[in-house]
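First up is the structure itself, then whatever we jot down about it.
What follows is calculated from the coordinates using simple rules that are stated; it is not laboratory data. Source: prediction; values computed, not measured. Positions of Cβ are backbone-derived with ideal geometry, glycine not excepted, and every protein chain shown enters the neighbour counts.
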Amino acid sequence: MSDQSMPVQNSAAQVSTFAAFRATLRRDLLIALKRRNDLLNPLMFFLIVVSLFPLGVSSDPNELTRIAAGTVWVSALLASMLSLDNLFRADYEDGSLEQLLLSPQPLYFMVLAKNISHWLISGLPVVLLSPLLAYMMYLPADAYWTLVFTLLLGTPVLSLFGAIGVALTVGLGSRGLILAVIVLPLTMPVLIIGAKAVADASLGLPLGMHYALLGAILAMSLSLAPLASAAALRISVN
Amino acid sequence: MSDQSMPVQNSAAQVSTFAAFRATLRRDLLIALKRRNDLLNPLMFFLIVVSLFPLGVSSDPNELTRIAAGTVWVSALLASMLSLDNLFRADYEDGSLEQLLLSPQPLYFMVLAKNISHWLISGLPVVLLSPLLAYMMYLPADAYWTLVFTLLLGTPVLSLFGAIGVALTVGLGSRGLILAVIVLPLTMPVLIIGAKAVADASLGLPLGMHYALLGAILAMSLSLAPLASAAALRISVN
Amino acid sequence: MSLSAAATSPDAQSAAVQPLLRAAALFCERDERVLFSGLDFSLFAGEVMQVQGSNGSGKTTLLRILCGLNSGYEGEIFWLGEDIDDNREGFLASLLYIGHRVGVNKILTARENLRWSSALHTPVTDADIDNALVRVGLAGYADVTCRNMSAGQQQRVSLARLLLSPAKLWVLDEPFTTLDVHGVKVLETLLAEHAGQGGAVLVTTHHKLDVPCELRRLNLDKQG
Amino acid sequence: MSLSAAATSPDAQSAAVQPLLRAAALFCERDERVLFSGLDFSLFAGEVMQVQGSNGSGKTTLLRILCGLNSGYEGEIFWLGEDIDDNREGFLASLLYIGHRVGVNKILTARENLRWSSALHTPVTDADIDNALVRVGLAGYADVTCRNMSAGQQQRVSLARLLLSPAKLWVLDEPFTTLDVHGVKVLETLLAEHAGQGGAVLVTTHHKLDVPCELRRLNLDKQG
Amino acid sequence: MWLWFSKLGSPKWFYELSGKWLPWLVAFMVVTMTIGLIWALLFVPEDYQQSFTNRIFYVHVPVASISLAVFPLMAVAGAITLVWKMKLADMVAKCAAPIGVWFTGVALATGAIWGEPMWGTWWVWDARLTSMLLQFFLLIGVVALRSAIESPDAAARACALLSIVGAINVPIIKYSVEWWNTLHQPPTPLSMDAESANGPEIWVPLLIMIAAVYCFFVISLILSTRNEILQRERRSQWVMDIVAAERV
Ligand code: HEM
Ligand SMILES: Nc1ncnc2c1ncn2[C@@H]1O[C@H](COP(=O)(O)OP(=O)(O)OP(=O)(O)O)[C@@H](O)[C@H]1O
Ligand SMILES: Nc1ncnc2c1ncn2[C@@H]1O[C@H](COP(=O)(O)OP(=O)(O)OP(=O)(O)O)[C@@H](O)[C@H]1O
Ligand SMILES: [Mg+2]
Ligand SMILES: [Mg+2]
């Protein structure tokens, strides 16, 4: 089953694999562009969730400084999670997913293309907005870059892992939540490392270890997660 | 358009309105029961999101005590929010919503039935579980009952307001997030009052005012929000 | 107005008989394309009216307008001589609509689906539901989850509603899709029976309707 | 086995000609109901085969099994004599499947949809797409969002894929639904053309197929 | 080798073999459980600080150590399901998941009960506790996924996949949580120190209890797998024979 998900050998097919990869990437970005909400919403959600904390917890700057790294990371995670539902669901419902599965191209690359476009739409904007929120949460200025870099390394992992969960549940009636139950535990390590790195940065501690870990997790999930998603999609469409 | 949403006059119709109300309530509960996940998932999501904070922010009991009220409330809000998607979407997609709109019964009661079942599935379990999480977050014991009561008053408001957002966006392609953007701001006041009440309770301050406010908001949204949802549904189905 | 001529009006109905449904000077445009304008027609008790037209001619739009699901139109619609906006509840109580999306929840069983959709109009007993399912060829499927049914079987579940409803006016949008030959027969018989009992049917379909009763045609292609 | 007899095997094909697609001893059960067992058939180049059967007889299931979308079966399927699991990529490169859910994204325009679905198989130019859309009767609709099309128009968008694909084997599940009379004609012509060019078609439909070429029938009702 | 493997995969073979083993396993469990409990409850010297509650140690540690074994077990079974499509492996995986939920739940509960006298609180966000909690969530996720997918075949493969992904992740979670918390909090009382400080009169009964609880786990897994086999194979001849024989 899963062996066609592996990269192909002959070069003729490879050229066309790239074309298919690009077409899929472009299509998904186009869909997002057309529903501008998709572009705006992860951002807005991120903003709103972060701002729930000053409202719900405390507006004391010292307090906020202490919880800043954690809340920004938690909110980024939740924002990624919420936008995951768009990843395969619509394609499943209108039958495009079957077309994708019946493409002679290796599914690995197709899933990767969808993952990348999902990250560009939901992850990247969050990363770019994070310094503003960090400022609003009184994060020490030293930690800004660390926040951005860890999010840059971490949010793709959230998309990649999330895709497995979506792929497993795409055929089911109930949405969203079963996903959260599966995906949140999987993404916990990234959250821990990321938030820890930011916290350490505010204290001026060395960060090499954190980056190395995040990088390793990213590399691993880039190569393995789309395979798992591809296998999961084949199961779900059954 | 919206005048049929008002309660009807003649008693014959009223009997049957109640029957339709009960049938709708029972149907929605049945659907949730059949997908057991719907019952379990808001709970699990609530649990997991709350436990993200010790992981992301800090595991220090003193720190956690300070943010306990806020995080439990924010998580309850997010858990309600995530399960909202189930409220009208499936009915829209399979055409049941049109059937609901074409029922001679006042739409107000039908929407109310759906709201109540949504709350029973997603809100009530969260309320019941909240003391456990409060314990895990080291909330002072004095505040437990306040937490439960404020959630009991507040979570129905989240369902009721949320329903408006879902009803407005049910015909749109993109899910989840636009909802969050519309609904979260609406529910902000509830969050602020609820979290404040719990925080005050831990300090031993009087709470009458908070309860009165929450009760007023609940009463208002019970009578008005379903009307707004009903009107929004008519627009969306168009 | 060209329409009332086009529809082969049966002479049996004198002008004195009141039509169940009457549309006057309906006009609708979508995406800057006029679908129909000045559309007049009447539907009398005992009639089956087939709305015809090529793809995109506006059949679905017309049916949804008549049911009040679509408000992007101009003109007037009367039910028993009354504007439908004036007595919406009365109109809805006499209406049964099945659209492209048939309103069958996939998680529920056939019985549970029918129990709910009937409760919105009239209460029915379980025996009624069983009988209706047998009529539409789903004997033994009452307690099967609809997700596990084939496309045609799901369609049949929705058609069982026709048997459970006391509504006078049936509005059916392509109810024959995915039905097999035998299913088509059953549905055609149902339509004729309903008309025979003084009901009226407004139906769209691209196949050649073969009902053993009065059949009128409304062709939207001549419009626009 | 009863099946190979039921399908009116054309004498033109001698045993020496290799079938494009061959199924051997297929067995499938769902929900404890055996849909078919010991199903054998061969599909040769130049043939259109209509899979028949009443609602729920297993047509959709069979087509999905043949395409590899459904793995809940026993038996073997060969493409050009090779087991399809052994050379899946080769098989998929020659396959075009359009199911109940046609694979048309509602947010994209017709052109954008076709551009993507073609890119999964072969690159096509915009002119190709325009021509295809004209053939299926959607001239001028290339840049209309599919959400704003009628049911039949959306179906036509998916059928335009037939014209853009070099695939030898077409597997179509009820492609005639919601098509108007003219659309049905166009599609029937397309099927015949494809068969004439050495392709093969496996199609389910409940309407009486009237293709100007070889037509074989596979009836699932006799099974089980 | 292959023959042996396919024989092992046959539900019928497993059913018969496990039927022979079961009485022995049950007998062994009863004996060890009785000895272990009596020894632990009556003869282990009272600890200076823990009083009577330290007896829960003899339930907590065996149960907790089994909970850690559940995920690897499910992952291996899942891999076999995916690669060799062996039905028996899936049945074992399916039955192991809810049992795993129970064991993890009991480990959490006994730990919490023990934590109260020891640490003065039922719960701390300690590394081991937290990773255990996350594993608990993941297990519930697997069970939920199984119940959500109707087709048994698809459910089998989906759960197999999730178990494998989860099994890769459980050590990562454990590692990251440990590394996260040791910088915040002093090392927790969860160590072997307490044990080595005490003599064999503490750990011999513990070993006996571990054996007994392992046995209990295996027995419940076998019983529920046998049940599952009968369910799934209910229309095969040998199951009908068994049912007929039991009716008589
Ligand atoms: C909810 C709370 C707790 C959880 C989830 C938990 C979980 C665990 C786990 C997973 C193990 C590993 C078993 C193995 O490696 O085989 C373990 C062992 C152990 N636990 Fe707990 N535990 C909890 C509370 C406690 C408390 C309060 C104490 C006593 C102070 C305690 C004392 C021990 C000891 C002494 C061991 C054996 C030492 C070892 O194998 O490393 N635990 N527990
Ligand atoms: N997802 C499913 N799970 C279990 N059983 C199913 C599922 N889908 C269909 N079935 C059953 O399999 C049988 C065949 O269904 P299938 O969709 O193949 O029929 P079909 O011949 O295509 O019918 P139709 O003409 O209505 O499209 C049906 O009896 C149905 O009850
Ligand atoms: N949601 C929409 N928004 C804008 N225009 C629409 C929308 N839906 C349909 N249209 C346009 O309205 C016209 C009529 O559509 P309608 O669905 O009523 O056609 P139809 O006669 O039912 O066709 P079919 O036989 O294909 O079902 C079409 O030309 C279509 O382009
Ligand atoms: Mg239509
Ligand atoms: Mg079918």
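Key figures
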| quantity | calculated |
| --- | --- |
| Global size of region B:2-237 as Cα Rg and Dmax, reported in angstrom | 18.5, 62 |
| Dimensionless Rg over Rh [the protein assembly as shown; C-alpha; Kirkwood] | 0.98 |
| Euclidean distance of C-alpha centroids, region A:22-89 and region C:182-224, integer Å | 52 |
| Contour excess over end-to-end distance, with Cα ends at E:ARG234 and E:LEU207 and 0.36 nm allotted per residue | 5.7 nm |
| Under 18 Å from the Cα of E:LYS87 - lysines, other chains or at least 8 residues apart | E:LYS7, E:LYS12 |
| Average other protein chain Cβ within 10 Å of Cβ, residues D:165-175 | 1 |
| For chain D: rounded, prolate or oblate by the Cα gyration tensor [a/c cutoff 1.5] | prolate |
| Distance between modelled label sites at A:TRP145 and B:LEU152, nm, 7 Å Cα→Cβ extension | 5.4 |
| Efficiency of FRET between B:ASN238 and D:ASP85 - r from beta-carbon atoms, R0 56 angstrom, step 0.05 | 0.70 |
| Other copies of D:GLU193: label-to-label distances in nm, shortest first, labels 7 Å along the beta-carbon direction | 4.5 |
| Label-point gap, in nm, between E:VAL30 and E:ASP153 - each point 7 angstrom along Cα→Cβ | 4.4 |
| Modelled FRET efficiency - R0 41 Å, C:VAL17 with C:ALA139, Cβ distances, 0.05 increments | 0.55 |
| Kirkwood Rh in Å, taken over region B:61-110 so that all alpha-carbon pairs contribute | 13.8 |
| Nearby aspartates and glutamates by direct alpha-carbon distance to D:LYS208 (threshold 16 angstrom, same-chain neighbours under 8 apart not counted) | C:ASP180, C:ASP210, D:ASP173, D:GLU174, D:ASP180, D:GLU188 |
| Rounded to 5, percent antiparallel among DSSP beta bridges of chain C | 45 |
| Estimated FRET transfer efficiency (C:LYS185, A:LEU222; beta-carbon r; R0 45 Å; 0.05) | 0.20 |
| Inter-copy spacing of D:ALA139 label points, which lie 7 Å from Cα along Cα→Cβ, given in nm from shortest upward | 5.3 |
| Size of electric dipole in the protein assembly as shown: Cβ of Lys, Arg +1 and of Asp, Glu -1, about Cα centre, debye, nearest 20 | 520 |
| In sequence order, calculated HN-Hα J values of region A:151-162 (Karplus, 6.51, -1.76, 1.60; Hz; x Gly/Pro) | 5, 4, 7, x, 4, x, 5, 4, 4, 5, 5, x |
| Closest approach to the axis - chain C beta-carbon, rotation onto D, Å | C:THR177, 2 |
| Cα→Cβ-extended label distance, 7 Å offset, between D:ALA25 and E:GLU116, nm | 6.4 |
| Once the Cα gyration tensor of region B:43-127 is diagonalised, semi-axes √(5λ) in Å | 37, 12, 8 |
| Partner chain coverage, peptide D:118-124 - average Cβ within 10 angstrom | 6 |
